[in-house]
2 protein chains.
Amino acid sequence: MTVSRIMNAKGRTVPTRLFGWEKAFEPYQGPFTIVEKKPIRKRASAPMRGYLPGRNKVAESLKKAIEASGLSDGMTISFHHHLRNGDAVLPMVLDVIASMGIKNLTLAPSSLTDAHQCVVDHIRSGVISRITTSGLRGKLGEAISYGELPCPVIIRSHGGRARAIEEGSINIDVAFIAAPSADREGNVTGAMGPEGCGSLGYAMVDAKYARHVIAITDNLVPYPLVPKISIPQNQVDQVVVVDKIGDSTKIATGAARITKNPVDLRIAKNAFDLICASGLLEEGFSFQVGVGGASLAVASFLREYMIEKNIKGGFGLGGIGGYMVELLREGLFEALFDVQSFDASVTESILNNPLHIEIDQSQYANPFVDCMVNLLDVVALAALDVDVDFNVNVLTGNDGIIRGASGGHCDTAAGAKLAVVLAPSFRGGIPTIKDRVQTIVTPGETVDAIVTERGICINPRREDLLERALKANLPVKDIGKLKEEVERLTGKPKTPEFDEEKIVAVVEYRDGTLIDSVYARKR
Amino acid sequence: MTVSRIMNAKGRTVPTRLFGWEKAFEPYQGPFTIVEKKPIRKRASAPMRGYLPGRNKVAESLKKAIEASGLSDGMTISFHHHLRNGDAVLPMVLDVIASMGIKNLTLAPSSLTDAHQCVVDHIRSGVISRITTSGLRGKLGEAISYGELPCPVIIRSHGGRARAIEEGSINIDVAFIAAPSADREGNVTGAMGPEGCGSLGYAMVDAKYARHVIAITDNLVPYPLVPKISIPQNQVDQVVVVDKIGDSTKIATGAARITKNPVDLRIAKNAFDLICASGLLEEGFSFQVGVGGASLAVASFLREYMIEKNIKGGFGLGGIGGYMVELLREGLFEALFDVQSFDASVTESILNNPLHIEIDQSQYANPFVDCMVNLLDVVALAALDVDVDFNVNVLTGNDGIIRGASGGHCDTAAGAKLAVVLAPSFRGGIPTIKDRVQTIVTPGETVDAIVTERGICINPRREDLLERALKANLPVKDIGKLKEEVERLTGKPKTPEFDEEKIVAVVEYRDGTLIDSVYARKR
């Protein structure tokens, strides 16, 4: 197969058409170029469907529900990944679909986790022929990276996925929604039930735009579902009751406690110092942070500072973990806006605290709506590797295998006044700062600083920030020099070999342009 | 002007085209005929608009906001009527629009109240040339009834308006939303602020579908608006701060206390007895009632019965008044779903009680979504007059002048298992039961019983209900006989004279077909 390729504004070669996908792509031009050029974009919509009084929405079985949905060969199905590594719904649904003989589906989940390795088998048997997702991992990541799927995967950020659904680039025929609680009329929430997962922010977009919506629950409650409805009944066509939608204890990955690792603590302290020096830590400031070791430590430094200086933040945004919930409880933020909860403990807060507000993926980050990432003062982000131009890769490993996710990384970096990327200067003997990052997910022009345990590298575009950091006596280093310093310890890293003829995935920037291509790993 | 006219399934003559409106109309065929024939209907959508970080949404003035919205001649503007007789926003906005010289607008509010009499002047000066609304009253109703507006008014029910907006029959260019509270980013609620009006259920639909949304508030609060957001910031383009959006004490019309009028009490008791006899008053039953004297008395009989029999209802729906809030507080219902609050006192409940749930006009009653009226067991409704075929008029007075509103009348009657219409047998010497009701808003085939102080008339279609009523020894009367009984007291009523050449309004049934025409009143 030949596709025409073009060089984008990052100097990366990207295709204009993708084998197996109808859509034509434009190359990446700049973080807000498309938004500024053509701010108005048509919005897709789900059809309306009239019902007579007295209909029954509870299906006898998952199979009957799928039959009633009209799902057939070549259609698009979606799932959410709020149950993360504990999700049992995607595997369950794909098994039933496979047993029904339906083929050639497009799989358009919000992301794919370790719980979704079964997708490999469904690719091999022809049930799944196209995938668009935020991330891929494990043997599924390997299978894709070695070229097992003829149609390249489209990697989308959370904001980009919302945009794609809302503009009609992703047309969901049937959305399957793992529902920690539901009632017989289809009201759904993630804030109650034995497998409560907190926010259903990703699923909320699917429910609004999919042609047909099936809620799958292991906790059918009496009507009406109170006191919390995340997705209202008029957006759900059928309800299916199953034994178990998954295991919510597997939502949290890794330690939710503050790290004691001295490298992580050093990174966090450097990042916190930079945030302080930036002048943004004022009354009403807004903040997003991940749940990794160093990120959580940043939040804890922040907490101490806010208490000491008697500062109250405006809002916390994003994936919300237990630590942010504690800050809300302590009155250190006015509100949390939660598109995804990072551990099951958040569920109680989203249920009972009206200051903990569930938002959908579109309101979170779609660049073609007035999204909340645009209001962020500070975001603290992680990275797999970065380069001297401040580009960030959160998708492919040093071995060239896809093992990550785009997530909200490029969305928040673009929106926030200060986007700080935290990373150790090397991992497993391989330096983090490269000459040229393997896969660009977040363009360097939206990253203000890269913070390691060995120093802080400030994007030359941010002279103002550099000045403030120097004034505060922070350990600022030129990124090229830091790269050399690390390479003296580790040596130059080897790069994996790729078959550049074969694109296995493309990375779509949040505005729909292509920012990078992922090539097939040579065996 | 000549229009082609056709007889509909109610034997009423209706046009197929309307002067000044592009849309072609089908005649009414039956309450669910269109929904059954063509359940799928395309959904319209508002365009998406991208913003850069750092934009300011708070406009300097209402005029600047209107300029920025791009409003120009011939466009469509919308308003909500949650502030009812206390609304100051519609008059304020029309004044500014008029001063800007913009003409020929289509006015598409959720309804027009006594606070909106200024519309007459704007019709005369050419600012407003078309109107679609739920209701008209006062000198505006007179002006329309005497034919001052060349284009007939389209009267729509609440569910019908939501359907019209969602299918694109009403294309709102600019929605003006009176906002009892808003923040600088455009989050809006009716549940807080000096002029709190409770639910913003009608405005919620406008905000989703309008091309441009302007929130007008007299209570700008620090960001973010917590703990209650009714319309989220990503649906609002601009915020305008004014001195006063209106007077919330004027939301409630008439006494909110239980009537002591013996006629009303007799009607209410008869209605309650029928509801009891119907067998629907069981655990989990759902209910909607108005706030008129007799309706409120029905609710109070209901309350006593529920306490005595230890029955807990499922949900209360609809326009929610203070009495229903008391029932919720007493634990007599699981939840209230509130599309419109009938008095300002409801505001505190919608703010603080998570069992009091704000829903939009579409979820309430759009027949082309899985709307909540379809889940009603019992609705108690009022009437201006009715006829021997159980058709109900809630729009035109005995003098032929428009002085009412379609509201949710035909929506709830169609959806509920039992629709009971309460009316005194005569008012001001004029009998309520006619041979042929002046204007059909709600078709008799969706009305199960008409209850007066002189007896209960049961629709012959409901033999089951008749049997139950007779078994319970209720004062059942044939509707024709009751009509004659009343006419012996009052005499036959005179009918006003109309110019049947000139249609001044059409009554659209909730599915978009025309159920009746309103002709010009002869002077």
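What is the residue of chain A with the smallest Cβ distance to the axis taking A onto B, and what is that distance in whole Å?
Nearest to the symmetry axis by Cβ: A:Ser45, 2.
Find every distance from the label point of A:Gly74 to the corresponding label point in the other copies (7 Å from Cα along Cα→Cβ) and write them in nm, one decimal, shortest first.
Output for A:Gly74: 4.0 nm, nearest copy listed first.
Taking H as built 1.01 Å from N, whose amide H comes closer than 5 Å to the amide H of A:Val394, not counting residues under 5 places away?
The answer is A:Leu384, A:Val441, A:Thr442.
If I take R0 = 51 Å and measure r between the Cβ atoms of A:Asp243 and B:Ile311 in this structure, what FRET efficiency does the formula 1/(1 + (r/R0)^6) give, to the nearest 0.05?
For A:Asp243 and B:Ile311, the calculated efficiency is 0.95.
In units of 2.2 N^0.38 Å, what is the alpha-carbon radius of gyration of the protein assembly as shown?
1.00
Please sort by residue number the trypsin sites (Lys or Arg not before Pro) in segment B:285-364 whose DSSP state is loop and whose Cβ has at most 16 other Cβ atoms within 10 Å.
Here the trypsin sites (Lys or Arg not before Pro) that fit, given the DSSP loop and packing criteria, are B:Lys312.
Got the B:Lys42 label distances to the other copies yet, label 7 Å along Cα→Cβ, in nm, shortest first?
When each copy's label point is compared with this one, the spacings are 1.0 nm.
In terms of modelled amide H atoms, which long-range or inter-chain residues lie less than 5 Å from the amide H of B:Val339?
B:Gly318, B:Gly319, B:Ile320, B:Ile359
In segment B:262-492, what percent of the accessible surface is made up of carbon and sulfur (1.4 Å probe, ligands and nucleic acids excluded)?
Result for segment B:262-492: 49 percent of the exposed heavy-atom area is carbon or sulfur.
Please report, to one decimal in angstroms, the Kirkwood hydrodynamic radius of segment B:265-374 built from all distinct Cα-Cα pairs.
Kirkwood radius, segment B:265-374: 14.2 Å.
Evaluate peptide A:362-375: per residue, the Cβ atoms of other protein chains within 10 Å of its Cβ; return the mean as an integer.
For peptide A:362-375, the averaged partner shielding equals 5.
Taking a 25 Å limit on the Cα-Cα distance, which of the listed pairs A:Lys417/B:Lys63; A:Lys42/A:Lys64; A:Lys42/B:Lys208; A:Lys64/A:Lys103 fall beyond it?
A:Lys417/B:Lys63; A:Lys42/A:Lys64
What distance in nm lies between label points placed 7 Å from Cα along the C-beta direction at B:Ile430 and B:Thr13?
2.3 nm
Around B:Leu418, which amide H atoms from residues at least 5 apart in sequence, or from another chain, sit under 5 Å from its own amide H, with H modelled in the peptide plane?
B:Val378, B:Val379
Out of every Cα pair in segment B:344-411, what percent are spaced more than 20 Å from each other?
51 percent
Averaging over all projection directions, find the projected area of the Cα convex hull of segment A:82-215 and quote it in nm² with one decimal place.
Spelled out: convex hull of the Cα atoms, projected over all directions, averaged, 7.9 nm².
Which value at 222 nm does chain B reach when only helices count, each DSSP H run of 4 or more adding -39,500 (n - 2.57), with the total divided by all residues and rounded to the nearest 500 deg cm²/dmol?
-7500 deg cm²/dmol
Within the set B:Lys260/B:Lys312; A:Lys38/B:Lys57; B:Lys471/B:Lys494; B:Lys312/B:Lys483, which residue pairs have Cα atoms separated by over 30 Å?
B:Lys471/B:Lys494; B:Lys312/B:Lys483
If you count, for every residue in B:38-49, the Cβ atoms of partner chains within 10 Å of its Cβ, what is the mean?
Mean number of neighbouring Cβ atoms from other chains: 6.
Can you compute the radius of gyration and Dmax for chain B, using only the Cα atoms, both in Å?
22.4, 74
If you roll a 1.4 Å probe over the heavy atoms of the protein chains, what accessible area per residue do you get for segment B:262-492, in Å²?
Solvent-accessible surface per residue comes out at 32 Å².
Quick one: with label points 7 Å out along Cα→Cβ, list the inter-copy distances for A:Asp499 in nm, shortest first?
For A:Asp499, the other copies' label points sit at 8.2 nm, shortest first.
In bins 5 Å wide, starting from 0, what share of all Cα pairs of segment A:262-492 does each bin hold, as a percent?
So the P(r) values, bin by bin, are 1, 7, 15, 19, 20, 16, 11, 6, 3, 1, 0.
Within segment B:1-84, report the chymotrypsin sites (Phe, Trp or Tyr not before Pro) that DSSP leaves as loop and that have at most 16 other Cβ atoms within 10 Å.
Answer in residue order: B:Phe19.
I'd like to know which of A:Gly404, B:Ile450, B:Ser345 lies farthest towards the positive end of the charge dipole of the protein assembly as shown, counting +1 on Cβ of Lys and Arg and -1 on Cβ of Asp and Glu.
Of the listed residues, the answer is A:Gly404.
Among A:Val298, A:Ile267, A:Gly319, whose Cα projects farthest towards the positive end of the dipole of segment A:262-492, with charges put on the beta-carbon of Lys, Arg (+1) and Asp, Glu (-1)?
A:Ile267
Between B:Lys260 and B:Asn104, take the C-beta separation as r, use R0 = 51 Å, and let me know the FRET efficiency to the nearest 0.05.
That pair, B:Lys260 with B:Asn104, gives E of 0.55.
The values are calculated or read from the model by the stated rules, or taken from the named source; none is laboratory data. Being a predicted model, the structure only gives us computed values, none of them experimental. Neighbour counts are summed over all protein chains in view; Cβ atoms, including those assigned to glycine, are modelled from backbone coordinates with ideal geometry. Accessible surface areas use protein heavy atoms only, side chains included; no ligands, DNA or RNA. Shrake-Rupley method; radii C 1.70, N 1.55, O 1.52, S 1.80 Å.
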